[in-house]
2 protein chains.
Amino acid sequence: MTNNQSIACGTQQPRRKTIRLDNMNAHIKNVEYAVRGELAIKAEALRDQLNKTNSLPFKTIVNCNIGNPQQLQQKPITFFRQVASLCDNPDLLLPENRHIVSQLYPEDALHRAEVLLEHIGSVGAYSHSQGIPHIRENVAKFITERDGYAANPDNIYLTQGASAGVQSILSILVKDQSTGILIPTPQYPLYSATLSLLDATPVPYLLDESQDWSLNVTDLEKSVSTARANGTDVRALVIINPGNPTGQCLSEENMREIIEFCYTQQIVLLADEVYQTNIYEPEARPFHSFKKVLMSMDSVFHDLELVSFHSISKGMIGECGRRGGYFEAHAIDPEVMSQIYKIASVSLCPNVHGQILVDLMCQPPKQGDASFEKYNQEIDTIYSSLRRRSRKLEACFNSLEGVTCNPAFGAMYLFPQIRLPAKAIADADAHGKAADNFYCLEMLDATGVCVVPGSGFGQKEGTWHFRSTFLPAEDLFDDFCENLTNFHKQFMNKYRD
Amino acid sequence: MTNNQSIACGTQQPRRKTIRLDNMNAHIKNVEYAVRGELAIKAEALRDQLNKTNSLPFKTIVNCNIGNPQQLQQKPITFFRQVASLCDNPDLLLPENRHIVSQLYPEDALHRAEVLLEHIGSVGAYSHSQGIPHIRENVAKFITERDGYAANPDNIYLTQGASAGVQSILSILVKDQSTGILIPTPQYPLYSATLSLLDATPVPYLLDESQDWSLNVTDLEKSVSTARANGTDVRALVIINPGNPTGQCLSEENMREIIEFCYTQQIVLLADEVYQTNIYEPEARPFHSFKKVLMSMDSVFHDLELVSFHSISKGMIGECGRRGGYFEAHAIDPEVMSQIYKIASVSLCPNVHGQILVDLMCQPPKQGDASFEKYNQEIDTIYSSLRRRSRKLEACFNSLEGVTCNPAFGAMYLFPQIRLPAKAIADADAHGKAADNFYCLEMLDATGVCVVPGSGFGQKEGTWHFRSTFLPAEDLFDDFCENLTNFHKQFMNKYRD
């Protein structure tokens, strides 16, 4: 190392970095992820400022940018946390502790933890890369009961949240830049971000705002024809149902059309069904899984390649921080399945705590179990409150000047359309901002409420939207709506044409 | 959908899949990951067979293919599990339960859980994408105390195990096929697998088996020159220290040479330091972090880009199933740091349970705390036993005909060289197997012990090795060594030239 001596003794000055923005992975540079983007980063800075001074026009930051229920005081399901804590600390299950522990834990929680640990061994050990076999069996039972059609544990992969599952399936599907994946507009930006990373071609199709964000198969066909005519190899269709950010819930008839479309066009169907229990009009718009609808159709359709995703982060469970979920891979080529396994094994295994919650989500307390009543009551309480809040916020948005908002039939979000004064759009333009981004930044500055501009999800050209969760706690909800209303009035007055 | 009617009514026959081995992502197809490869899959099949019948020449499968201590009965650290279970079930912290709970939990565990929950809120909420700020501060304190040089919490990223951190940093570094990353031979196959996925160019350098697997900077220079002459843009050097699969522990002097080399050659240093507490000759071969060595050198070197990785899966902790870890990014370009944050945010956050364990690893009980003595005793017991077992297995391997094995100065593995009879090599060849793979498959069939062939890690041409952990429980360890010895004798007798 003779030539280093002079460097080591030279005067100190910053040198050029080896890895810079101009020479790093360009696909990463192209990724946009607005849910935790500019608004969210600014909200964190404001939170820090609030902690230091009291100089802002609001007392707290309200994170409506992300479906994170327990951040906004939603209580976890007691039974789930009890079982999880027993799995963490198996000393509590020792016979000598039983007389004390049974004062703190119901019998069914103790029993469930024992069964799980019998199958898992230790939560500190790597599990099977596909997920713990016992838990995959419970997932398969859950799907079988939900759909009335058998599911096979070998087709289930446990994942670190649905996001990780989506990323792994998309990475398998994408061959190169020519691979096209149909994604909705508006969409959850996980999809566009992952396609950017993989350097694949997103093929957008429009959800119809005037028809409650439903999906029009004729439009789908147009998107595919155009893309294929341009040399794009369209291979898969992403559907988020119930919708994010749009809250629609597809009718069974519409789902059948989609399945026929995928079958005819030789397209893999990717069904993001993480909001399957967040259904607010269960009679008019019940949830149907794509697997069930597929299996109820003529058997010729049964070999359509379908991957459906679920998660412990949503529903009434909201255990986002644990990163748990699963996907079911239906009619996928066995050789491709082996490749999915191999790629899962490089990351060793999904975290075991997330897997345990998947087990509990799929097999909650049953009639006759000690925890059944409490469990039901907790689920009902959260559910009814979410439903009330979704309607309250929808009514609030629809009462605002220039704003229209479809109801949320499902999920955790509303996606109102805002018609902004020309002056606001011009001012936004002068600041180098999209108009919806500008509106959302002003909302954050005035109220502390952090939402995500529609441009982060994609929207029909010439329209502006934003996405807000309806997760703020119910006792604060009227204030929350009032703050938004006041902000909007002031904004409109300020920029009125 | 007029053209579907005929299809729906047509006779049923399997059709060509949309996604097949021949048109899926070719980079995934190229990935090899032997730690959970053919041997491990066969071991699982044998385990299933054992559960059904008793027809095999052994009673259990012993997974020495992977560093998974708690799978092989290593006990978790009591204090860690206590705190984790309290965070899971905060009802245990309610005042009305305190008189019962304090019979089960020491005061410091209760206090730690309270402090953590105060900063975290709920373990069920998504955290900051970079990791919980309070925990990152504790990691920075740990590094500062370990090294005697300050660490900045803003440079710490909490990750889902070290593997996730390595994958995210490599994905940032790789621009295209021309990007070269120096990786050791032998190496942990996470590196080669990730480079295959990213379609980057691995630039191998040899560890010197005759010099206790040390690293020769002259060889490094040759590897870089050759690669650069061939148009490869060599950007980073991966060093696993203590070594996996090789168990070496680098001297401070050797580390200084490596740092000078990276500085001169404008190469980012990636230091995989997950085995930093698995040190079995602490006087002769103590662990030094690259960060510490770097900071102890002339300040001209301080702006060398260095990323170092750590994990809760190894050491005496062995909490693999929780998927927790961190990396410290030193002197990385601030614009690149923003990109690292963005890409972390697409996956929302590392699981909170893993983050909690990182906190506990970095700030274990201190002198005067109720759990201090028990904690120390548990760590010492595991450590002494690991050390004894490493020596016992090393002696066992060195006693075998044609086998030589360097000691493990660190980590959890031995990597013996096996000199196989020509007849065995020919027989392996006739079966289409690498000779070391053939040997390991015969070992599995005869003993139920699953190890990984050297070819899964890379090895000098013409040599054969395998990697085995020394993790089987101590009371079974003599039997384990005896089984391996008997197998080896029979194998050599069978194939003797």
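Points worth noting:
- Condition met for B:H119 (not hydroxyl-bearing (S, T, Y) and not assigned by TED's automatic domain parsing to the domain that holds B:L270): yes
- Verdict on B:A430 being touching a residue at least 12 places away in the same chain (Cβ under 8 Å) and either of a type in the set (G, A, S) or open to solvent by 40 Å² or more (accessible area, probe 1.4 Å) (or both): no
- Number of the exception - B:Y341 against (1) surrounded by fewer than 19 Cβ atoms within 10 Å (Cβ to Cβ); (2) closer than 24 Å to B:P189 by Cα: (2)
- Any chance A:R81 is open to solvent by less than 20 Å² (accessible area, probe 1.4 Å), under 22 Å from B:P90 (Cβ atoms), out of contact with any Ser or Thr (no Cβ under 7 Å at 6 or more places or on another chain) and assigned to a helix (DSSP H, G or I): yes
Every residue, every condition in (1) closer than 13 Å to A:I183 by Cβ; (2) in contact with a His (Cβ under 8 Å, 6 or more places away or on another chain); (3) surrounded by 20 or more Cβ atoms within 10 Å (Cβ to Cβ), yes or no:
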{"position": "A:L220", "(1), (2), (3)": "yes, no, yes"}
{"position": "A:V224", "(1), (2), (3)": "yes, no, yes"}
{"position": "A:A236", "(1), (2), (3)": "yes, no, yes"}
{"position": "A:E253", "(1), (2), (3)": "no, no, no"}
{"position": "A:I258", "(1), (2), (3)": "no, no, yes"}
{"position": "A:I267", "(1), (2), (3)": "yes, no, yes"}
{"position": "A:E273", "(1), (2), (3)": "no, yes, yes"}
{"position": "A:Y280", "(1), (2), (3)": "no, no, yes"}
{"position": "A:D298", "(1), (2), (3)": "no, no, no"}
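- Selection count, the stretch A:109-132, where residues are open to solvent by less than 10 Å² (accessible area, probe 1.4 Å), more than 12 Å from every other protein chain (Cβ to nearest Cβ) and touching a residue at least 40 places away in the same chain (Cβ under 8 Å): 1
- Residue that is nearest to A:L237 (Cα to Cα), among those in the stretch B:41-76 that are away from chain A (no Cβ under 12 Å) and surrounded by 15 or more Cβ atoms within 10 Å (Cβ to Cβ): B:K42
- A:R323 vs. criteria surrounded by fewer than 23 Cβ atoms within 10 Å (Cβ to Cβ) and of a type in the set (K, R): no
- Residue count for the stretch A:249-279, restricted to those that are within 14 Å of chain B (Cβ to nearest Cβ) and over 21 Å from the mean Cα position of the chain (by Cα): 14.
- Any hit, the stretch A:32-40, residues being hydrophobic (A, V, I, L, M, F, W, C) and modelled with pLDDT of 95 or more: no
- The condition (being among the acidic types (D, E) and not in a helix (DSSP H, G or I)) is satisfied by just one residue among B:E373, B:E378, B:E328: B:E328.
- Under the condition of being open to solvent by 10 Å² or more (accessible area, probe 1.4 Å) and in a loop (DSSP other than H, G, I, E, B), the residues counted in the stretch B:133-176 number 8.
- Leading residue by the ranking (surrounded by the fewest Cβ atoms within 10 Å (Cβ to Cβ)) among those in the stretch B:18-40 that are closer than 24 Å to A:A331 by Cα, facing another protein chain (nearest Cβ under 7 Å) and charged (D, E, K, R): B:R20
- For the stretch A:177-191, a residue qualifies if it is at the interface with chain B (Cβ under 10 Å from one of its Cβ atoms) and not in a helix (DSSP H, G or I), and the qualifying residues are A:T179, A:P189.
- Residue pairs whose Cβ atoms lie under 6 Å apart, separated by 6 or more positions or on different chains, with the first residue in the stretch B:330-350 and more than 9 Å from every other protein chain (Cβ to nearest Cβ) and the second open to solvent by 30 Å² or more (accessible area, probe 1.4 Å) and at pLDDT 95 or above, do not occur.
- Qualifying residue in the stretch B:344-351 (condition: open to solvent by less than 10 Å² (accessible area, probe 1.4 Å) and outside any loop (DSSP other than H, G, I, E, B)): yes
- Any hit, the stretch A:295-308, residues being at pLDDT 95 or above, away from chain B (no Cβ under 12 Å) and under 16 Å from the mean Cα position of the chain (by Cα): yes
- Single residue of A:D445, A:D369, A:D429 found to be charged (D, E, K, R), out of contact with any His (no Cβ under 8 Å at 6 or more places or on another chain) and under 21 Å from A:N65 (Cβ atoms): A:D445
- Applying the criterion of being within 13 Å of chain A (Cβ to nearest Cβ) and out of contact with any Leu (no Cβ under 7 Å at 6 or more places or on another chain) to the residues of the stretch B:196-218, the residue that is farthest from B:V307 (Cα to Cα) is B:T218.
- Failed condition for B:L357, given (1) open to solvent by 60 Å² or more (accessible area, probe 1.4 Å); (2) part of a helix (DSSP H, G or I): (1)
- Evaluated against (1) within 22 Å of the chain's Cα centre (by Cα); (2) at pLDDT below 95, B:K291 falls short on exactly one condition, (2).
- Residues (open to solvent by 20 Å² or more (accessible area, probe 1.4 Å), touching a Phe, Trp or Tyr at 6+ places or on another chain (Cβ under 9 Å), at pLDDT 95 or above and closer than 28 Å to A:S210 by Cα) located in the stretch A:438-476: A:E442, A:Q459, A:W464
- Hits in the stretch B:77-96 - residues which are more than 26 Å from the chain's Cα centre (by Cα) and either more than 7 Å from chain A (Cβ to nearest Cβ) or of a type in the set (D, E, K, R) (or both): B:L86, B:C87, B:D88, B:P90, B:D91, B:L93, B:L94, B:P95, B:E96
The values are calculated or read from the model by the stated rules, or taken from the named source; none is laboratory data. The model shown is predicted, which means the values in this text are computed figures rather than measured ones. We place every Cβ from the backbone using ideal geometry, glycine too, and count neighbours over all the protein chains shown. These accessible areas exclude ligands, DNA and RNA; they are computed on the full protein's heavy atoms, side chains included. Shrake-Rupley method; radii C 1.70, N 1.55, O 1.52, S 1.80 Å.
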